[in-house]
Amino acid sequence: MGKYDIPFNRPCFAGKELVYIAEAINSGWICGDSSFTKKCQAFLEAELEVEKVFLTTSCTHALEMAALLLNIKQGEEIIVPSFTFVSTVNAFVLRGAKPVFIDIRPDTLNLDETQIERLITKKTRVIVPVHYAGIGCEMDCIMETAAEHGIAVVEDNAHGLFARYKGKYLGTFGCLGAQSFHETKNFICGEGGALVVNDPSLVERAEIIREKGTNRSRFFRGEINKYTWVDIGSSYLLSDIVAAFLYAQLEMKERIQRDRKRIWETYYKQLRGWAEKHGVSLPTVPEYCKQAYHMFYLVMPSASSRDGFIDYLKGQGIHSVFHYLPLHLSEMGKRLGGQKGDCPVTEDLSERLVRLPLYNDMSENDQQKIIETINQYDEL
């Protein structure tokens, strides 16, 4: 495995990926919106019980489509956690929006819904909840606040496919939701994403934007005799070869989630005693949230103890990683008005968080090596 005996992540086959890729190639049509693209979209629509799902080339592009669909304009504001991947913000900044960074809760590491009200201005157009680690944000409060002010909600659900908040799937609360199939996610195709369209009024335009601003899809369905340029857009279609890989993964949904749940719960049960002894925090999952088992993280007592812990694991051949750096303190974030102290919880926890290896085919032996190695560590 190269530098590490146990990697942080490893892309895994789940079933018929190679068979379906061959089928896609033999079909003679491997561009977007062919057979496997449609199968993936239909699968997700049925499972999530949503109006429409469009596969995209990435979750980033799904978010960019959301910004286009909502007609985000120069100077308008979005409320977004600083503790997220840059794509969450970039998608809207590309349209001229200004990010208003919100802090996170110290328990779930999701945006702190109690701070939303004070950040709303006349320029606020969108709230972007990020369901960190596939654990739901407090969507009741977020949706209620958004409705009171006439603000759209776009969910960044890159971590949380098939997770639920109070029985409802994440990514299906707001008018739009974005999913990721990057190789680090539960269900993968290398690079890929999906836009979940929950507002029926946005479906037709989403199809046009995704097809470079043309009504090409209507032409292929035989609804018009020629297609033309009708709106702004770009090329967001996923290749059917890639969709073929993804469909094989989605077919194995139950097994993949069962395996990840086993790995996550084993970490939690067997590290709880060590964590309590050393002042280390484990993930918090509210009882009304059904999580996605996307990642397992530890919050160490200090930044220096986190760095020492990562180095210790590295010395044992185990690859662990930190996660997001606060966007409001990044070079670009500061140019957009971010300052130290704006999001104190984010600034604190981002320096102390470490993610442990978690991938679909992790063996019990490898996980036990990780757990035993951690339980032997007392230098905190």
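The values are calculated or read from the model by the stated rules, or taken from the named source; none is laboratory data. What you see is a predicted model, and the numbers here were worked out from it, not measured in a lab. Virtual Cβ from ideal backbone geometry, glycine too; neighbours counted across all protein chains shown.
Tabulated results
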read-out	value
Unique residue being aliphatic (A, V, I, L, M), over 16 Å from residue 62 (Cα atoms) and in contact with a helix residue (DSSP H, G or I) (Cβ under 6 Å, 6 or more places away or on another chain) when the list is 116, 151, 135	116
The one condition in (1) over 30 Å from residue 244 (Cα atoms); (2) polar (S, T, N, Q); (3) buried (at least 23 other Cβ atoms within 10 Å of the Cβ) that residue 56 fails to fulfil	(1)
Helices (runs of 4 or more DSSP H) contained in the range 305-380 and holding at least 1 residues of a type in the set (Gly, Ala, Ser), touching a residue at least 24 places away in the same chain (Cβ under 8 Å) and assigned by TED's automatic domain parsing to the domain that holds residue 277	331-335
Count of the range 341-350 residues which are out of contact with any strand residue (DSSP E or B) (no Cβ under 8 Å at 6 or more places or on another chain) and under 25 Å from residue 298 (Cβ atoms)	4
Any chance residue 207 is acidic (Asp, Glu) and either on the phi > 0 side of the Ramachandran plot or over 11 Å from the mean Cα position of the chain (by Cα) (or both)	yes
Residue among 48, 63, 109 that alone is farther than 30 Å from residue 354 by Cα and either within 20 Å of the chain's Cα centre (by Cα) or not assigned by TED's automatic domain parsing to the domain that holds residue 156 (or both)	48
The range 243-273: number of residues that are of a type in the set (Phe, Trp, Tyr) and under 26 Å from residue 54 (Cα atoms)	2
Whichever residue in the range 247-271 is within 20 Å of residue 368 (Cα to Cα) and without any contact (Cβ under 8 Å) to a residue 40 or more places away in the chain and, among such residues, is surrounded by the fewest Cβ atoms within 10 Å (Cβ to Cβ)	269
Any chance residue 144 is surrounded by 24 or more Cβ atoms within 10 Å (Cβ to Cβ) and either modelled with pLDDT of 95 or more or outside any loop (DSSP other than H, G, I, E, B) (or both)	no
Top-ranked residue in the range 259-291 [being part of a helix (DSSP H, G or I) and either touching a Ser or Thr at 6+ places or on another chain (Cβ under 8 Å) or of a type in the set (Lys, Arg) (or both); ranked as nearest to residue 13 (Cα to Cα)]	260
Residue tally, condition assigned to a loop (DSSP other than H, G, I, E, B) and over 14 Å from residue 243 (Cα atoms), over the range 16-33	1
Residue check, residue 297 buried (at least 19 other Cβ atoms within 10 Å of the Cβ), in contact (Cβ under 8 Å) with a residue 12 or more places away in the chain and at positive phi	no
Odd one out for residue 74, checked against (1) touching a Ser or Thr at 6+ places or on another chain (Cβ under 8 Å); (2) not in a helix (DSSP H, G or I)	(1)
Unique residue being β-branched (Val, Ile, Thr) and closer than 23 Å to residue 362 by Cα when the list is 321, 345	321
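Listed here are the residues, each with its yes/no results for (1) over 18 Å from residue 235 (Cα atoms); (2) surrounded by fewer than 21 Cβ atoms within 10 Å (Cβ to Cβ).
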position: 44; (1), (2): yes, no
position: 64; (1), (2): no, no
position: 101; (1), (2): yes, no
position: 105; (1), (2): yes, yes
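The rows are residues; the columns are (1) aromatic (Phe, Trp, Tyr); (2) more than 19 Å from residue 88 (Cβ to Cβ); (3) touching a Ser or Thr at 6+ places or on another chain (Cβ under 8 Å).
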{"site": "142", "(1), (2), (3)": "no, no, no"}
{"site": "146", "(1), (2), (3)": "no, no, no"}
{"site": "154", "(1), (2), (3)": "no, no, no"}
{"site": "166", "(1), (2), (3)": "no, yes, no"}
{"site": "176", "(1), (2), (3)": "no, no, no"}
{"site": "181", "(1), (2), (3)": "yes, no, no"}
{"site": "186", "(1), (2), (3)": "no, no, no"}
{"site": "199", "(1), (2), (3)": "no, yes, no"}
{"site": "204", "(1), (2), (3)": "no, yes, no"}
